[in-house]
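Report on the structure given below.
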Amino acid sequence: MSRNIKHLKKIFTACIWAIILSCISFGLILWLWTFSLVSNISENINDTLTYRLQYPSNSHNNDVVIVKIDDTSLDSIGKSDLWMLAFDKWTYARAIENLFEIYNAWVIGIDIVFANPSVLWAADEQKLQQVLGDNAQRVVIATRSDYTPHPLCLYSNVSHGIININQAQKIRSVALEYPDYDISLYCSDTSVIPENTNGAYIFAGEILKKYTSIISPLEGNLIEKWFKKFEEISNNTGKIFIEYFHGGWDYDGTLWYESYSFSDILAWNLQDSAGNPINLENKIVLIWEVWTIMHDSHFTPISRTVKMPGVEINANIVSTLLKWSPLIEGNITTTFYVYLLINIILILSVFYFRFVVATWVFVVSILIGIIYGAWMFYLGEIINIFLIVSSLFLSYVVAYIYRFQVTDRSKRNLKKSFSLYVSPDVVHEIAQNPQSVSTSWQRREMSIFFSDIVWFTSISESTKPEVLLELLNEYFSNMTWILLKNKGTLDKYIWDAVMWFFNAPVFQENHSYYACLTAVEQQKKLTELNNDWKEKWYPHIAIRIWIHTWEAIHGNIGSLDTRLNYTVIWDSVNLASRLEAIGKRYGIFTCVSEDVYNLQKEKFNFRELDKITVKWKKIPVKIYELIGLKWDAEYASYTAEMIKKYELALNLYYNEKYSEAIEILNLQLDDIPSKKLLERCENVLLWKIKIHQGVFEMTEK
């Protein structure tokens, strides 16, 4: 229970740090966003993942058509670009009449500020005034709230819509309400209509009012309700974002809105120059120049390289309002909460998972942030995707720097410490799960493994030091490699002797099996080495191995200020070390305790050697010779009969039938353990030694 509580506290603390780091990252990116460079990068990323991504599938309903004053129109009228605004007013009047009478348009929006008087005669002005007055319920002309002189008072009998889209690098938003625009303050003419004395909407808004009143005159209240909704949104956020629509095919002169030349309308053509029928029935028609020398065009979020004609921008504003579902700016608080949830998961993955897993979580987090922003844009809300993605990236980098400098430092130190003692696999396991190991003292069942070289003193006296060192290095390298392969831990080298142990620092299932397997493989490898060393004239060597499995204590020992050694201690280690002398007494090379035998007798061949007490110990223990793996035919064939006879003689010895044991042992005098037991039986009969209940007492260490 206490461990679970400790684990929960650790997770809770990590979550708190994740929240703090998330807030810092988010705030830092918000601050950087105030710089123009970062803001421009943010705009491009957000536009790419929202406007440009969804633009091809965001189609309008073809209610808006553009009549463009293009180069063809100028040529047909005989005017240059610079004189476009000085067209005779009869030209515009005739075009308006044709649009209504011949082409059956519903509403006309003239994206022209009529601020200049006619260069001809007064009748020219009066003609346009008459046409506008006759169609006042279906025509809107442009004005600008920041522009003087205002439209000529002569045309005050028609609705005015405010044009103000030139104030940004990219045209992406529009405000529905402007300061009061009362044309009566400038015009004393009694023909001023009420709509022009109560303030003006944007150009597209005025067009929409007239269009919807024609479609459903009885739904005026509903229209007002929608406009109030737009106004509320505009008042709360200051703007409504323009949705840019894709018409599905390209028209000459504009990007994705149906368009016809102004000259075709004047000439009553029923087809355009490409032979396409001119269909303006029940449409909203917008009139202004397209790609003449005046270039009333602007960059928009859908393209960084191609400008959009101003009249088409107004067409997109009209389509946005016709959709009745405004595109608004997302709430920064909601954005932060979504980011915070994703980022906490990301940071926890950095703290608790491997690099590969955490990186995948990071990639998925970025994708979730992008998908969330794109989906919200589809639903009509603009989310700052750059803010989410860059904050996630910053948090990921900072979290990994923190992990590397603080959290992983202990792992690296632990890995460095154990890399000298254990196999790379175990080191990796320790590094990934430091909780699985502790260098403080712990008690557990372990397999203790000792080995040393037989008659090493004599070998060292007769061998050159250089040769001896080469031999020892090659010998230790091969023996240690076998140990590490079987996930054992190196304790220490003691000149020719080595101490190893199993089941620490990490838990190891069936550790006594790997200890026995290590012993068998080392003896085999030594045989191969001795054959190779003959060519180098190295001395022939043999090793004795002794293994004991029992409880022991593992951990660091030494001076805390100078040097520590990771080792094992307890009585079981002492007993294992005593088995070396026993092996020498019996003339065998691998000796194990009864505990090892009981655990591994199904997988290895053993020979029971004796029942003894070691010096300063009173409790007797049985000792066994480790022969080899049961399925290893090389060892099983030559030992089976010998082991059978020896164990039969040993049972007679335990039952104090020494003479009968001697008869059997005399049959295999070439077996050293049999010869040693024979000598003991004879000494018992000669009263040279005493044996009590079959237990032989060792008087030497």
Checklist entry - Taking the stretch 508-535 as the region of interest, how many residues are closer than 26 Å to Ser458 by Cβ and without any contact (Cβ under 8 Å) to a residue 12 or more places away in the chain? => result 8
Checklist outcome for this item: Note on the stretch 14-45: residues in a helix (DSSP H, G or I) and either of a type in the set (Ser, Thr, Tyr) or assigned by TED's automatic domain parsing to the domain that holds Arg172 (or both) are Ser22, Ser25, Ser36, Ser39, Ser42
Next on the checklist: Being touching a strand residue (DSSP E or B) at 6+ places or on another chain (Cβ under 8 Å), at pLDDT below 85 and not hydrophobic (A, V, I, L, M, F, W, C) is the filter here; which residues of the stretch 259-276 pass it?
Outcome noted: Gln271, Asp272, Ser273
Checklist entry - So which strands (runs of 3 or more DSSP E) are wholly in the stretch 540-623 and hold at least 2 residues that are farther than 24 Å from Glu679 by Cα, modelled with pLDDT under 90 and among the hydrophobic types (A, V, I, L, M, F, W, C)? => result 543-558, 564-569
Checklist entry - Does Ile171 meet the test of being modelled with pLDDT of 80 or more, in a loop (DSSP other than H, G, I, E, B) and aliphatic (A, V, I, L, M)? => result yes
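The values are calculated or read from the model by the stated rules, or taken from the named source; none is laboratory data. These numbers were taken from a predicted model, which means no experiment stands behind them. We place every Cβ from the backbone using ideal geometry, glycine too, and count neighbours over all the protein chains shown.
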